[in-house]
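Here is the structure we will look at.
Just so it is clear, none of the values below were taken in a lab; they were calculated from the coordinates. Predicted model only: the values in this text are computed from it and were never measured. A quick note on method: Cβ atoms are made from the backbone with ideal geometry, for glycine too, and the neighbour counts reach across all protein chains shown.
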Amino acid sequence: MTAGIPVLPAAVPGERHVIASRAGRLCYYISGPPEPAGHPPLLLLHSVNAAASAYEMLPLFKYYSASRVVCALELPGFGGSERSDRSYSARLMTDAVHEILTELRRRCGDGPVDALALSLSCEFLARAATEWPSAFRSLGFISPTGFNRRATLTGKGHRGMAPLLALLRRGPWRRSLFNLLTSRAVIRYFLNKTWGSRHIDEGLLDYDWITARQPGARHAPYHFVSGFLFSRDAQQLYRALEQPIWMAHGSRGDFTDYTRSADFAALPNWRIQAMRTGALPHFEAFADCVASYDAFLAELP
């Protein structure tokens, strides 16, 4: 610990790398067997919140790295990636996805990858897949945003509120407010809402608290809270996807409105799995979650 800042441990059990990119310094973890038996690499993207990190994908990282190369990216502003005071946007996050795809091609060859994202990062993954479709064999969305009944079917730009962002970034409370929002009690409160119960993953709570204590931790979350990472064209992005898509969502907690998913259920490239969990089924119902995803992967060429 340095000057009251706790040391940030590894989020997942893999090799940790930091690369320079057009999205700033990017941290990623990679692991896998010496011979991955012909499986394409699997890219994992954590969600976006006040204390996000690759730890949110830990169960999937550990499971799939036994049979294939798995890469967990930490998005700009989170984990070990650059947390400087700059503008954070869906464009920046999507650029980070493109950068890690280029890095994976350098390490693993030019073949397409499978990619699995959580919550708001599903929008970034969808945008990347529309811009570089040949880079993806399949897409996986866990508790994706943009499917509730209020989702706009058409639109452009972001949902950002500039006055709110200015208030959060420049007010004298900018640090103390973030510390309050990421106290253990508040993190537990939001995890309870995410799970829809009090039976949360305690390791995730502990890691959330540590990663939110790192220098610059407030910058990306303040853009998130102000709406700048949400895209108005999310539904258009999802509809434009041609890759095979697996989607899973829970039925408990604060993130259960997937009204718009009914519009995709009949599409031939979509497989939608509702689970009796909160928004993190890969923590709560791990065996059921990976069984569903494995069955989806088994159908792919």
Could you pull out every residue, at least 5 positions away or on a different chain, whose amide H is within less than 5 Å of the one on ALA248? Hs are placed 1.01 Å off N in the peptide plane, and Pro or chain starts have none. PHE141, ILE142, SER143, GLN273
Place a point 7 Å from the Cα of LEU167 along the Cα-to-Cβ direction; which residues of region 208-240 have their backbone N under 20 Å from it? 218-230
Given a 10 angstrom Cα cut-off, can you work out which residue in SER31, SER87, SER143 is the most mobile in a GNM of the chain? SER87
Normalised by the number of residues in region 15-298, what is the relative contact order in percent for Cα pairs under 8 Å and 6+ residues apart? 21
Pop out the ³J(HN,Hα) list for region 188-201 in order, Karplus 6.51 cos²θ - 1.76 cosθ + 1.60 with θ = phi - 60°, rounded to Hz; leave Gly and Pro as x. 4, 4, 6, 5, 4, 5, 5, 6, x, 6, 8, 8, 8, 7
Cα-projected label distance for GLU35 with ARG276, points at 7 Å along beta-carbon direction, nm: 4.3
Give me a comma-separated list of calculated 3J(HN,Hα) values for region 118-133, in order, Karplus coefficients 6.51, -1.76, 1.60 applied at θ = phi - 60°, integers in Hz, x for any Gly or Pro. 10, 6, 4, 5, 4, 5, 5, 5, 4, 5, 4, 6, 6, 7, 9, x
Spin-label pair ARG149/ALA298, simplified geometry with 7 Å Cα→Cβ offset, distance in nm: 3.7
Listed with the fewest Cβ neighbours within 10 Å leading, MET275, MET161 appear as MET161, MET275
Connecting every pair of Cα atoms under 10 Å apart in the chain and solving the GNM, the largest mean-square fluctuation among CYS27, CYS108, CYS122 falls on CYS108
Would you indicate which of (1) 67, 53, 40; (2) 73, 44, 35; (3) 55, 44, 39 is the value of Cα extents along the principal axes in Å derived from the coordinates of this structure? (3)
For region 74-134 and region 138-159, write down the distance between their C-alpha centroids in whole Å. 17
Can you list residues whose amide H is under 5 Å from LEU75's amide H, if they're 5+ apart or on another chain and H is modeled 1.01 Å from N? HIS46
If you plug each phi of region 268-279 into the Karplus form 6.51 cos²θ - 1.76 cosθ + 1.60 with θ = phi - 60°, what whole-Hz ³J(HN,Hα) values come out, in order, with x for Gly and Pro? x, 9, 10, 10, 10, 10, 8, 10, 8, 9, x, 7
Given H placed on each backbone N at 1.01 Å, which residues far from SER81 in sequence or on other chains put an amide H within less than 5 Å of it? CYS27
Considering the chain as a Gaussian network with a 10 Å cut-off on Cα pairs, which listed residue, LYS193, LYS156, LYS62, attains the greatest mean-square fluctuation? LYS156
Residue (of GLN214, THR277, PRO41) at the positive-pole extreme of the chain, dipole from beta-carbon charges: GLN214
